[in-house]
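The values are calculated or read from the model by the stated rules, or taken from the named source; none is laboratory data. Computed from a predicted model, the values in this text were never measured in an experiment. So basically every Cβ, Gly included, is an ideal-geometry build from the backbone, and we count neighbours across all protein chains shown. Each accessible area value is taken on the protein alone, full model and side chains, heavy atoms only, with ligands, DNA and RNA left out. Shrake-Rupley method; radii C 1.70, N 1.55, O 1.52, S 1.80 Å.
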Amino acid sequence: MRRSLACATAAVLTAGAFAVPARATTPSTSPQVAYGYAWPDGKGHLRIVPKSATLVKQQGFLGYRLKTLAGAKEVRLDYTRAAVGRVTVACDLKETEGQVALDAKGLGRTRCKPGDLAAALGRGATPMRVEYQDGRAVRVNEILISNWPNSRTARGTIERVDDRTVLFATGGKTYKLGYSYLTYFYRTTARCKDGWLAGRPVNADRDGLGKRACGPDDLARALRSVEHPVLAKLRFSPEVGGIDEVWEVYGDA
């Protein structure tokens, strides 16, 4: 099964060392720190839900084990003036390609610009440590993850927030989820560019699930065509806050 959120930098990290607690997210005149999975949230902005963070080490690699932090609230930050440290050895690389640039605390140390961070965020969930104050990120460092969470599958309703974010309601809970260029969208329609459930459902299986493989831009376009929550099946990671796959569901099948 494909994993759109799987990061090549996470595979080599497993063993534990010492804990680094995420700090409180209440307003303060002093800089605060959040560890977590960041997503783009408008031009020059990111959103991140703070996690507890444990630094781990194996075979010379440093990474973090992130876990849900009780009571943590999403933080939206302007990063246009932030100092940026990437884990890649060059600012324009999409992945580490087998070489990492980390300091003694497991933080990305390749000095880059906010524009390089924007490009990284545009590719999906980005694990990072963010130092921030008064709604602005002061310093942003990418980190490696030792325990990238497994995805799960559920049916529910999705509602558009923007072209890369939805609200997914399932099992009495609502999740705010992002999707990336690797997210798969399976349609019941004849064409990828059709509106939600528009036209004859020639590509639905016996359970009403879409079979035509389409992409995230098609998902964004289809969700723009509806003004209310729609039925869907998702493979997603609540811990990361991201979507791997979306199935359009025909009717109430």
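I need to check one value: relative contact order of segment 123-253, counting alpha carbon pairs closer than 8 Å and at least 6 residues apart, in percent. Can you show the working numbers first?
Values: 289 pairs, mean separation 36.0, N = 131.
Result for segment 123-253 is 28 percent.
Among D134, D207, D92, whose mean-square fluctuation peaks in a Gaussian network model of the chain (Cα, cutoff 10 Å)?
D207
Using only the alpha-carbon atoms, what does segment 113-248 span along each of its principal axes? Please give whole angstrom values in decreasing order.
51, 29, 25
Calculate, in nm to one decimal, what K105 and S225 gain on full extension: separation in residues at 0.36 nm each, minus their alpha carbon distance.
Gain on extension, K105 to S225, equals 38.6 nm.
Can you return the lysines within cross-link range of K211? Criterion is Cα-Cα under 23 Å, with same-chain partners fewer than 8 residues away left out.
Within the straight-line cut-off, K211 pairs with K193, K233.
Putting +1 on Lys and Arg Cβ atoms and -1 on Asp and Glu Cβ atoms, find which of L144, P40, H228 reaches farthest to the positive end of the dipole of the chain.
Result: L144, furthest along the dipole toward the positive end.
Could you tell me what % of all Cα pairs in segment 55-177 have separations over 22 Å?
For segment 55-177, the fraction of Cα-Cα distances above 22 Å is 45 percent.
Could you tell me the relative contact order of segment 68-155? Use alpha-carbon pairs under 8 Å, at least six residues apart, and round to a whole percent.
Numbers: 135 pairs, mean separation 28.8, N = 88.
Relative CO of segment 68-155 lands at 33 percent.
Quick one: pull the percent of accessible area on the chain belonging to carbon and sulfur, 1.4 Å probe, ligands and nucleic acids left out.
On the chain, the fraction of accessible area on carbon and sulfur atoms equals 49 percent.
Just checking my list (i) 18.9, 58; (ii) 22.7, 90; (iii) 16.7, 51 against Rg and Dmax of the Cα atoms in Å computed from this structure; which label fits?
Computed from the coordinates, Rg and Dmax of the Cα atoms in Å corresponds to (i).
About the Cα centre, and with charges only on the beta carbon of Lys, Arg (+1) and Asp, Glu (-1), how big is the dipole of segment 102-205? Nearest 20 debye, please.
Details: 18 positive and 10 negative charges, 18 e Å.
It comes to approximately 80 debye.
What number, in percent, do you get for the relative contact order of the chain if the mean sequence gap of Cα pairs under 8 Å and at least 6 apart is divided by its residue count?
Reported as a whole number, the value is 18 percent.
What FRET efficiency would be calculated for the residue pair R191, K94, taking the C-beta separation as r and a Förster radius of 45 Å, to the nearest 0.05? If you can, show how the numbers build up before the last one.
Numbers: r = 30 Å, r/R0 = 0.66.
The pair R191/K94 has a calculated efficiency of 0.90.
For the chain, what is the accessible area per residue in Å², given a 1.4 Å probe and the full set of protein chains?
Numbers: 12400 Å² over 253 residues.
Averaged over the residues of the chain, the accessible area is 49 Å².
Give me, ordered by chain and number, the residues 5 or more places off G215 or on other chains with an amide H under 5 Å from its own placed amide H.
Close amide H contacts, sequence-distant or interchain: F185.
Roughly how big is the chain's charge dipole about its Cα centre, with Cβ charges of +1 (Lys, Arg) and -1 (Asp, Glu), in debye to the nearest 20?
Using Cβ point charges on Lys, Arg, Asp and Glu, the chain gives about 240 debye.
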